Amino acid sequence: MIHLSALLLDAIAFLAVLAPAAIGGLATEYAGSLNIALEGLMLAGAFSYMAFGAAFGTVAGFIAAMLVPSAIAYVSDLFSRKANADSFVVGLGVNMLVPAAASMLSKYVFGSKGVAAVAGLQSGRPFAGAASIPVVGALFGQRSSDYLAFGVAIMVALVLARTPLGTRAKAAGMNRDALTMAGIDSGGVRGAVYALSGLACGISGAALASSVGAWVPNMSAGRGWIALVAVYLGGKRLGGTFAASALFALLLSLATRAQAITEAPAELLLSLPYFLTAVVVVLGSSRSKRK
Amino acid sequence: MISPVLRTVKDTGASSTPKRLAIAVATAAALAALAAAALSGEPSTALRAFFVAPFSNASSILNMVELSAPLALCALGVIVTFRAGHYSLGGEGQAYAGSIAAAAAGYYGYAALGPGATLAAVVAGVLAGAAVAALPAMGRRFAGAEVLLTSILVSQGFIFVIDWAIGGPLRDRSGNLIAMPALETEALLARLEPPSTLTVAPFVVLILCVAASFYFERTRSGAAHDLYGRNPRFAELQGYDVERLSWAPVVASGMLHGLAGALMVLGAKGTAIRGMSGGIGWSAIGAALVAGSRPSAVPLAALLFAWLDSGARQAAVLSDLPPDAGMAIKALVILVVSSRPSWTAVKAFMRRTPTRRAK
């Protein structure tokens, strides 16, 4: 039997990984140019956290995990704007480049191309004592990196909803020429939003890496794509995107917890969230079509 | 709906296909030389592995041609979907499904069919690829679900399932490799020029590329396919069968990916190995882009990527160059080929730079 509190504990940890990346993706969608590279940026965040964390400590790891993907996202957008390259293709290029680059660098940084565990980089659970409270205890049983990831997700959401940059991003997505006529550099706005999405994906990756305290090749394992799906399933709205991320987090948590109580192979259980999400996307689209 | 900018993917990059291919070859060669010089402690060995070893004898060249065949088929599949405005990212799972189905049909069907199991394996591979693509296709047809999202999700789900099947019930327990039992030699495609691995696969690719070129350039259906990709509403107003175009290209692409998976099994691999698709779905999108979404250019684009794979693998064996260098170079080639800097902007930048410095 799956205990509700254990299920929620895992679901919130999964949400800490999915929500920042999804909200980062939503930011670029607002700006009219969806960042397809969420998966690669998440991986860049995980690698940066482990590489810089191993060399300079946890705080430096988290800072690098946000700055490095942010710079990659900004440069990729700059490239697509200045070189007239399609942002979709550039995003795919980033998704191919990051795992290869991380694998090459891993050999030099960790001395191995495979899994590299670094002592001291697994985040602790600062409020573990309160985790035994029924149901709501799951909120207190998380790792410190998860709280940091939620903090960044809230910050990005506030930037989108409450600041001039958020308003300009939406304006850039609706009518770039109108923004330019108002004397605002629409390219600069898009660049800033891309950097923000990189930052959000980076903290997602860091939360993933710090939950195990190790670098595992391709550890994002499709979560960046799920974040992208959450943007669409959530109707390209902040609340909807967060709710869709929460749904996927719950499905992933169910698949993980089910491994302990059933004889079913782990791979089959892990495939279920992807199939169920696809079904949800189809049903959601069908509903929109009827409207 | 994905933003309209995605509908211009096939127009991205250099305007003419030969120019685009030339840029890709030059970029790949320059990056390979740079990687060999910068990342390897034995640069001359790495350079030889990239630029000499793959062309050192007829057998090496034919191996490379054989290696390019599955990639070319996947790239052709990508073109079929992209030109219809569907951005299917599920090629990886479709090719992997083709591999396992072909290996199962080839291995278990051999007792009943003998050498006829080869054909059964090809058919099974094609059908398996189509089946994986059918879910996103039906989602698009009946619910208007975005293929980009459903294809990646379904593909990822099937990759888990196939990993389980190869590592579990279908695994050959006699060896350490996580793979299905090897097919009988008679069930594999005949090697045309031993000791090379060349089979009939590259010729199948050429025939399909010519057929696809003819379809897109010379037929009314091909014109409708392209028009739907650019503007579905306009295609509908022209009286074309847009309902069919909303799903058929996705399934056709799945069939091509499935065929690619089957040819991998029936060619050099000899069976289905866990993780054997190895990023072919993503490389195929790059190859399709290098080919400018033109089927006639696909064999050359796939050959370029096969050379990068082959060179990187040889460089990793002969020197200390990381094997992932090949994938990194492919990604950078994609980025360079996708760019189309406007000469006006470049000139303006050149004029502006000295002024800024003077200030």
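Key figures
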read-out: Hits in region A:117-127 (condition: touching a residue at least 40 places away in the same chain (Cβ under 8 Å) and either under 19 Å from A:Ala11 (Cα atoms) or surrounded by fewer than 17 Cβ atoms within 10 Å (Cβ to Cβ) (or both)); value: A:Ala117, A:Ala119, A:Gly120, A:Gln122, A:Ser123
read-out: Residue under evaluation B:Gly229, criteria (1) of a type outside the set (Lys, Arg); (2) over 26 Å from B:Gly98 (Cα atoms); (3) open to solvent by 10 Å² or more (accessible area, probe 1.4 Å), criterion not met; value: (3)
read-out: Unmet requirement for A:Gln142, which otherwise passes all of (1) of a type outside the set (A, V, I, L, M); (2) within 14 Å of chain B (Cβ to nearest Cβ); (3) crowded, with 17+ Cβ neighbours inside 10 Å; value: (2)
read-out: Of the criteria (1) open to solvent by less than 10 Å² (accessible area, probe 1.4 Å); (2) modelled with pLDDT of 90 or more; (3) of a type outside the set (Phe, Trp, Tyr), which one B:Ala30 fails; value: (1)
read-out: Given (1) open to solvent by 40 Å² or more (accessible area, probe 1.4 Å); (2) among the charged types (D, E, K, R); (3) under 18 Å from the mean Cα position of the chain (by Cα), index of the condition A:Asp10 fails; value: (1)
read-out: Residue tally, condition closer than 20 Å to B:Tyr215 by Cα and either at pLDDT 95 or above or in contact with a strand residue (DSSP E or B) (Cβ under 6 Å, 6 or more places away or on another chain) (or both), over region B:85-102; value: 0
read-out: Close pairs (9 angstrom Cβ cut-off, 6 or more residues apart or separate chains): in contact (Cβ under 8 Å) with a residue 60 or more places away in the chain and farther than 29 Å from A:Gly235 by Cβ in region A:262-288, among the β-branched types (Val, Ile, Thr) and open to solvent by 50 Å² or more (accessible area, probe 1.4 Å) anywhere; value: none
read-out: Residue, surrounded by the most Cβ atoms within 10 Å (Cβ to Cβ), within region B:133-144, restricted to residues that are at the interface with chain A (Cβ under 7 Å from one of its Cβ atoms) and small (Gly, Ala, Ser); value: B:Gly139
read-out: Qualifying positions in region B:198-253 - among the aromatic types (Phe, Trp, Tyr) and over 21 Å from the mean Cα position of the chain (by Cα); value: B:Tyr228, B:Phe234, B:Tyr240
read-out: One residue from A:Phe79, A:Phe88 being within 13 Å of chain B (Cβ to nearest Cβ), among the aromatic types (Phe, Trp, Tyr) and touching a residue at least 12 places away in the same chain (Cβ under 8 Å); value: A:Phe88
read-out: Every pair of residues 6+ apart whose Cβ atoms lie under 8 Å, when the first sits in region B:275-289 and is without any contact (Cβ under 8 Å) to a residue 12 or more places away in the chain and at the interface with chain A (Cβ under 8 Å from one of its Cβ atoms) while the second is in a helix (DSSP H, G or I) and of a type in the set (A, V, I, L, M); value: none
read-out: Among (1) at pLDDT 65 or above; (2) open to solvent by 20 Å² or more (accessible area, probe 1.4 Å), the one test that B:Arg352 misses; value: (1)
read-out: Qualifying residues in region A:220-233 (those that are more than 9 Å from A:Gly25 (Cβ to Cβ) and open to solvent by less than 10 Å² (accessible area, probe 1.4 Å)) - the one farthest from the other protein chains (Cβ to nearest Cβ); value: A:Ser220
read-out: Some residue of region B:330-346 being open to solvent by 60 Å² or more (accessible area, probe 1.4 Å), among the basic types (Lys, Arg) and modelled with pLDDT of 90 or more; value: no
read-out: Selection within region B:145-170 - surrounded by fewer than 18 Cβ atoms within 10 Å (Cβ to Cβ) and free of Cβ contacts under 8 Å to residues at least 24 places away in the same chain; value: B:Gly168, B:Pro169
read-out: Filter pass, A:Ala19 being open to solvent by less than 10 Å² (accessible area, probe 1.4 Å) and more than 18 Å from B:Tyr87 (Cβ to Cβ); value: yes
read-out: B:Gly292 being open to solvent by less than 10 Å² (accessible area, probe 1.4 Å), of a type outside the set (Val, Ile, Thr) and within 13 Å of the chain's Cα centre (by Cα); value: no
read-out: Matching residues, region B:185-203, being open to solvent by 70 Å² or more (accessible area, probe 1.4 Å), in contact (Cβ under 8 Å) with a residue 12 or more places away in the chain and in a loop (DSSP other than H, G, I, E, B); value: B:Glu193, B:Pro195
read-out: Single condition A:Arg176 does not satisfy, out of (1) more than 14 Å from chain B (Cβ to nearest Cβ); (2) open to solvent by 40 Å² or more (accessible area, probe 1.4 Å); value: (1)
read-out: Answer from A:Ala206, A:Ala246, A:Ala192 - the residue that is modelled with pLDDT of 90 or more and open to solvent by less than 10 Å² (accessible area, probe 1.4 Å); value: A:Ala206
read-out: Region B:313-339, residues that are small (Gly, Ala, Ser) and over 22 Å from A:Gly40 (Cα atoms); value: B:Ala315, B:Ala316, B:Ser319
read-out: Some residue of region B:175-184 being among the charged types (D, E, K, R) and either open to solvent by less than 30 Å² (accessible area, probe 1.4 Å) or within 14 Å of chain A (Cβ to nearest Cβ) (or both); value: no
read-out: Single unsatisfied condition, B:Pro322 versus (1) open to solvent by less than 10 Å² (accessible area, probe 1.4 Å); (2) at pLDDT below 85; (3) assigned to a helix (DSSP H, G or I); value: (3)
read-out: Residue count, region B:264-274 (criterion: assigned to a helix (DSSP H, G or I) and either open to solvent by 10 Å² or more (accessible area, probe 1.4 Å) or within 14 Å of chain A (Cβ to nearest Cβ) (or both)); value: 3
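For every residue, the table says whether it meets (1) open to solvent by 10 Å² or more (accessible area, probe 1.4 Å); (2) more than 14 Å from every other protein chain (Cβ to nearest Cβ); (3) in contact (Cβ under 8 Å) with a residue 60 or more places away in the chain.
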{"site": "A:Gly93", "(1), (2), (3)": "no, no, no"}
{"site": "A:Leu97", "(1), (2), (3)": "yes, no, no"}
{"site": "A:Ala102", "(1), (2), (3)": "no, no, yes"}
{"site": "A:Leu105", "(1), (2), (3)": "yes, no, no"}
{"site": "A:Tyr108", "(1), (2), (3)": "yes, no, no"}
{"site": "A:Val115", "(1), (2), (3)": "yes, yes, yes"}
{"site": "A:Gly129", "(1), (2), (3)": "yes, yes, no"}
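The values are calculated or read from the model by the stated rules, or taken from the named source; none is laboratory data. Everything numeric in this text was worked out from a predicted model, so none of it was measured. FYI the Cβ positions are ideal-geometry reconstructions off the backbone, even for glycines, and counts take in every protein chain you see. Surface accessibility is based on the protein's heavy atoms, side chains included, excluding ligands, DNA and RNA. Shrake-Rupley method; radii C 1.70, N 1.55, O 1.52, S 1.80 Å.
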